[in-house]
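Report on the structure given below.
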Amino acid sequence: MSTTFTGGRLRWAILLAVTAVVLAAAGVYAVGAYQRFEQSRTAAPSVGVTAGQPLPDVPFVLFRNTAGGQGYGNAATVALSSPDGTRAVSEQACDRVYGTVSTVICLKTNRGLVTAFEAAVLDRDWQQQRAWPVPGIPSRTRISADGSMIATTVFVTGHSYATAGFSTATEINFTAGGSGGSGNLEDFALIVNGERLQATDRNIWGVTFAPGQSDVFYATAASSGRIWLVRGSLSAKTLTAVHDNVECPSISPDGTRIAYKKNDAGALTAHWKVALLDLATGRETVLSEKRSVDDQIEWLDNQNLLYGLADENIPGDSNIWKLGTDPASQPSLFIPHAWSPSVVR
């Protein structure tokens, strides 16, 4: 028994020693990775930048700067007339941004001993006006044209729309705070083919506000393996299905068309094409982009779209691309080292 006991203690001692070595190595790696990250953020920027300034005169593009060096991950602006020119980089770190002439919504990750996620409303001087916690990883955000309403979508579980079993939380709130807004859109009645869908396994994401219609918005709704474009009513608290297989809709400035991503592969190997839906006729047009676009598309104008794609050669980097709504149009680089475009007119 003594030999057995001694052998057991020896195995436990070896296991504890190996565990300690593994944990120490992991700690050293984590510290080194953090130091490398901090060094990259303090390095000289890899593009032409100026220090943060108030929001510029319209028109301009607001976006997340992904160029290496100082200002990486921060909200930035560039003149619409010179998208590849010098960018003004703020001190506000954001995962997703969207804005108007006077207001910016910033979805951010606050890293620390406990990672937390937050939505912050900033004024044109980049000063925070209000903020509130969101229950998961930032995904999508939009502001109504009049600046009064903000929509946010976050991942509660999962981190991608290609992940099986992901769950989202989408809310619409007043920009200025206070009581009101819609709260969680999963509390809205989902109407499909004239009947209220009672299923509890629902996800709502990707809100876009209809221009000139303060009560109307569009979004994606999913349940039991089906996906719909839904037309939302804030006053009636309803989501009415109007078309199948529309994800992350974005309504055109003239309010006549929806741009969106359309999965032409299976759920486990999603590949999203860029498509357009004419709201009056229901006609769908799939555009020429061959790469998979996992983004909520932005309208540059009524004839051109913008969207972000990860850079294939630089980890952590991305670029904003432009694509015309003509099916023959080919994509072209619009803003390098950028993500989450918002065109402010």
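Look at segment 103-116 and say how many of its residues are more than 13 Å from the chain's Cα centre (by Cα) and either at pLDDT 95 or above or among the β-branched types (Val, Ile, Thr) (or both). Give the steps one after another, and end with the answer.
Initially, segment 103-116 is screened for residues more than 13 Å from the chain's Cα centre (by Cα), giving 103-104, 110-116.
Next, only the ones that are either at pLDDT 95 or above or among the β-branched types (Val, Ile, Thr) (or both) stay: 103-104, 110, 114-116.
Residues flagged as more than 13 Å from the chain's Cα centre (by Cα) and either at pLDDT 95 or above or among the β-branched types (Val, Ile, Thr) (or both) within segment 103-116 amount to 6.
Go through segment 290-300 and give me each residue that's of a type outside the set (Gly, Ala, Ser) and touching a residue at least 12 places away in the same chain (Cβ under 8 Å).
291, 293, 294, 295, 296, 297, 298, 299, 300, listed by residue number.
Test each condition in (1) touching a residue at least 40 places away in the same chain (Cβ under 8 Å); (2) open to solvent by less than 50 Å² (accessible area, probe 1.4 Å); (3) farther than 26 Å from residue 159 by Cα for residue 342 and report the one that comes out false.
The one condition residue 342 does not meet is (3).
Taking segment 314-329, which residues are part of a loop (DSSP other than H, G, I, E, B) and within 21 Å of residue 80 (Cβ to Cβ)?
Passing the criteria: 325, 326, 329.
Scan segment 121-146 residue by residue and report those that are without any contact (Cβ under 8 Å) to a residue 60 or more places away in the chain and either of a type in the set (Lys, Arg) or touching a helix residue (DSSP H, G or I) at 6+ places or on another chain (Cβ under 6 Å) (or both). First the steps, then the outcome.
Going through segment 121-146, the residues without any contact (Cβ under 8 Å) to a residue 60 or more places away in the chain turn out to be 121-123, 127-138, 141.
The answer is 130, and nothing else.
Would you mention how many residues in segment 124-139 are buried (at least 16 other Cβ atoms within 10 Å of the Cβ), not small (Gly, Ala, Ser) and not in a strand (DSSP E or B)?
Of the residues in that region, 1 qualify.
Anything in segment 69-116 that is free of Cβ contacts under 8 Å to residues at least 24 places away in the same chain and hydrophobic (A, V, I, L, M, F, W, C)? List them, or say none.
79, 93, 113, 114, 116
Considering only residues that are of a type in the set (A, V, I, L, M, F, W, C), in contact with a Gly (Cβ under 9 Å, 6 or more places away or on another chain) and outside any strand (DSSP E or B), which ones fall in segment 140-193?
If the condition is that a residue be of a type in the set (A, V, I, L, M, F, W, C), in contact with a Gly (Cβ under 9 Å, 6 or more places away or on another chain) and outside any strand (DSSP E or B), then 145, 164, 166, 185, 188 are the ones that fit.
Yes or no: residue 187 open to solvent by 60 Å² or more (accessible area, probe 1.4 Å) and either in contact (Cβ under 8 Å) with a residue 24 or more places away in the chain or closer than 21 Å to residue 251 by Cα (or both)?
When the stated conditions are applied, residue 187 passes them.
Could you please find all residues in segment 269-290 being of a type outside the set (Gly, Ala, Ser), in a loop (DSSP other than H, G, I, E, B) and in contact with a strand residue (DSSP E or B) (Cβ under 9 Å, 6 or more places away or on another chain)? If you could, list the steps in order and put the result at the bottom.
Of all residues in segment 269-290, those of a type outside the set (Gly, Ala, Ser) come to 269, 271-274, 276-279, 281, 283-287, 289-290.
With the extra rule that they be in a loop (DSSP other than H, G, I, E, B), the set shrinks to 269, 271, 279, 281, 283, 287, 289-290.
Correct list: 271, 279, 283, 287, 289, 290.
Can you pull out every residue in segment 291-313 that is more than 24 Å from residue 67 (Cβ to Cβ) and outside any strand (DSSP E or B)?
302, 303
When you scan segment 165-176, do you find a residue that is under 19 Å from the mean Cα position of the chain (by Cα), more than 26 Å from residue 270 (Cβ to Cβ), of a type outside the set (A, V, I, L, M, F, W, C) and surrounded by 16 or more Cβ atoms within 10 Å (Cβ to Cβ), even just one?
Checked segment 165-176: at least one residue is under 19 Å from the mean Cα position of the chain (by Cα), more than 26 Å from residue 270 (Cβ to Cβ), of a type outside the set (A, V, I, L, M, F, W, C) and surrounded by 16 or more Cβ atoms within 10 Å (Cβ to Cβ).
Within segment 231-250, restricting attention to residues that are of a type in the set (A, V, I, L, M, F, W, C) and surrounded by fewer than 24 Cβ atoms within 10 Å (Cβ to Cβ), which residue is nearest to residue 285 (Cα to Cα)?
Looking only at segment 231-250, we keep the residues that are of a type in the set (A, V, I, L, M, F, W, C), and these are 234, 236, 239, 241-242, 246, 248.
Those left that are additionally surrounded by fewer than 24 Cβ atoms within 10 Å (Cβ to Cβ): 234, 236, 241-242.
On the way: 234: 29, 236: 31, 241: 19, 242: 16 Å.
So, considering only residues that are of a type in the set (A, V, I, L, M, F, W, C) and surrounded by fewer than 24 Cβ atoms within 10 Å (Cβ to Cβ), the one nearest to residue 285 (Cα to Cα) is 242.
Test of understanding: among 148, 139, which residue is of a type in the set (S, T, N, Q), modelled with pLDDT under 95 and within 22 Å of residue 171 (Cα to Cα)?
Only one candidate qualifies: 148.
Scan segment 68-107 residue by residue and report those that are open to solvent by 10 Å² or more (accessible area, probe 1.4 Å), of a type in the set (A, V, I, L, M, F, W, C) and over 17 Å from residue 58 (Cβ atoms).
89, 93 - these are the residues of segment 68-107 that are open to solvent by 10 Å² or more (accessible area, probe 1.4 Å), of a type in the set (A, V, I, L, M, F, W, C) and over 17 Å from residue 58 (Cβ atoms).
Keeping to segment 214-227, report how many residues are open to solvent by 10 Å² or more (accessible area, probe 1.4 Å) and under 27 Å from residue 271 (Cβ atoms).
Matching residues across segment 214-227 total 6.
For the condition over 19 Å from the mean Cα position of the chain (by Cα), within 16 Å of residue 206 (Cβ to Cβ), in contact (Cβ under 8 Å) with a residue 40 or more places away in the chain and surrounded by 16 or more Cβ atoms within 10 Å (Cβ to Cβ), what is the one hit in 287, 276?
Of 287, 276, the one residue that is over 19 Å from the mean Cα position of the chain (by Cα), within 16 Å of residue 206 (Cβ to Cβ), in contact (Cβ under 8 Å) with a residue 40 or more places away in the chain and surrounded by 16 or more Cβ atoms within 10 Å (Cβ to Cβ) is 276.
The values are calculated or read from the model by the stated rules, or taken from the named source; none is laboratory data. Everything numeric here is computed off the predicted structure, so don't read it as measured data. Virtual Cβ from ideal backbone geometry, glycine too; neighbours counted across all protein chains shown. Quick note on the areas: whole protein, heavy atoms, side chains included, nothing else; ligands and nucleic acids left out. Shrake-Rupley method; radii C 1.70, N 1.55, O 1.52, S 1.80 Å.
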